[in-house]
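The values are calculated or read from the model by the stated rules, or taken from the named source; none is laboratory data. Computed from a predicted structure; not experimentally measured. Ideal geometry is used to build each Cβ from the backbone, glycine not excepted, and the neighbour counts take in all protein chains shown.
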């Protein structure tokens, strides 16, 4: 009996050692993710923290974390087995900001964006009034309703779907606990927002995608040859590891870096500029830093995103969250209602024109959807493409803003469609080809 107990204790000790070896170095990242996500879901989206823990954070290894809410200070903290406590705190206009270990609100940036959130007295999508009831003869509404119902089967974990057709709201559906007023995290859809801000700067004649010598830190080496186009198309050949399953460049940036715009800045080249396509959240935050450099003050930088793009198209629910240095996390952290995300898609569907005002040039939108060499027709300028046929039953002109866990704004010009989907399951667990095919088939072929 003693031998059995001894063997069992040895096994437990070894098992704990293995678990510790695997997880302990990652604990600070796990608790960072958990604290940040709970904080944002509670204070940006108005969600119940318990549902955030049991739904949004309920995946390996984040499900190991515990959370604590501090309502007085609008903060959320997380630990794993009582270890590596991280705290995120809410700042109006900048969202929830993850603090370093042992940090406090004194570390916070002292600026916030100035906004004009006056609701226009127009029907949605161009305003905030009730959508106009419109019946399109080419639409099979029963078939469309079935397509949306199929998207909301329990295993699909869908939270919101919005469909726009010919500048009108065609259909929308939400799961229990979510409504048209619920703000949803776009994750990497934020990259497309960053691209659009650069498009506004280009429309104003302030930048060109052919610019090189982008940063002083690169002036004495080959990185000076990297163009803005190279960064937008993710083929700068800068070193970067985008792996969320381990300690990597992207996880260290999102959950440890105080200034996320500078992480990719200091990476070396691993090839010639323009030679290697490599998806990189670091590049998107580097672009946020490049945008910041176009302004004399941090305040101007913060205001510009809203004044010239986000609020201009009525995305008044949107918050682009910042890092501890007060720079927008252009790779990952933007919140808005599904309806407001649909407005973003509509801007691109209409070739950069918003209700008569040209926010982006048509040439910029065309540039956005040009496939990048090395991406197999799947990527443009911070937008995903169907040019390579990844969705075989969907028109090849589809392009989209995509985010972690299955967040999407699909733009399909040949069908005059914008389709927004939010959830917690990604393709192929949630089959986007089937979902989009069913929606498109309900529209008919009058184009």
Original post:
Say we look at the range 416-447 and pick out the residues that are in contact (Cβ under 8 Å) with a residue 40 or more places away in the chain, closer than 22 Å to residue 380 by Cα and not in a strand (DSSP E or B); which of these is nearest to the chain's Cα centre (by Cα)?
Top reply: 432
Original post:
Does residue 95 meet the test of being outside the structural domain of residue 165 (by TED's automatic domain parsing) and either surrounded by 13 or more Cβ atoms within 10 Å (Cβ to Cβ) or within 20 Å of residue 253 (Cα to Cα) (or both)?
Top reply: yes
Subject >> Residue satisfying condition, being in a loop (DSSP other than H, G, I, E, B), farther than 27 Å from residue 38 by Cα and over 21 Å from the mean Cα position of the chain (by Cα), within set 372, 394 >> reply: 394
Original post:
Of all residues in the range 127-152, how many are under 16 Å from residue 171 (Cβ atoms), surrounded by 14 or more Cβ atoms within 10 Å (Cβ to Cβ) and under 26 Å from the mean Cα position of the chain (by Cα)?
Top reply: 5
**OP:** Answer yes if at least one residue in the range 372-391 is in the same structural domain as residue 233 (by TED's automatic domain parsing), at positive phi and in contact with a strand residue (DSSP E or B) (Cβ under 8 Å, 6 or more places away or on another chain), and no otherwise.
**Re:** yes
**OP:** List the number of the failed condition for residue 59; all other conditions in (1) in contact (Cβ under 8 Å) with a residue 24 or more places away in the chain; (2) not in a helix (DSSP H, G or I) hold.
**Re:** (1)
**OP:** Please state which of the following conditions residue 72 fails to meet, knowing it meets all the rest: (1) in a loop (DSSP other than H, G, I, E, B); (2) without any contact (Cβ under 8 Å) to a residue 60 or more places away in the chain; (3) within 18 Å of the chain's Cα centre (by Cα).
**Re:** (3)
Original post:
Looking at the range 145-204, what strands (runs of 3 or more DSSP E) fall wholly within it and have at least 1 residues that are touching a strand residue (DSSP E or B) at 6+ places or on another chain (Cβ under 8 Å) and more than 19 Å from residue 436 (Cα to Cα)?
Top reply: 183-185
Original post:
Restricting attention to the range 224-236, which residues are in contact with a helix residue (DSSP H, G or I) (Cβ under 8 Å, 6 or more places away or on another chain) and closer than 18 Å to residue 280 by Cβ?
Top reply: 226, 228, 231, 232, 234, 236
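Within the group 274, 289, 282, which residue is outside the structural domain of residue 40 (by TED's automatic domain parsing) and modelled with pLDDT under 95?
Of 274, 289, 282, the one residue that is outside the structural domain of residue 40 (by TED's automatic domain parsing) and modelled with pLDDT under 95 is 274.
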Subject >> Every residue from the range 319-365 that is part of a loop (DSSP other than H, G, I, E, B) and free of Cβ contacts under 8 Å to residues at least 24 places away in the same chain >> reply: 351, 356
**OP:** Hey, can you tell me all the residues within the range 350-369 that are farther than 16 Å from residue 193 by Cβ and surrounded by 15 or more Cβ atoms within 10 Å (Cβ to Cβ)?
**Re:** 350, 351, 353, 355, 361, 367, 369
Subject >> Filtered residues of the range 104-144 (kept if within 29 Å of residue 320 (Cα to Cα) and not in a loop (DSSP other than H, G, I, E, B)) >> reply: 105, 106, 107, 123, 129
Original post:
Here are some residues: 90, 124. Which one is in contact (Cβ under 8 Å) with a residue 24 or more places away in the chain, farther than 18 Å from residue 255 by Cβ and buried (at least 17 other Cβ atoms within 10 Å of the Cβ)?
Top reply: 124
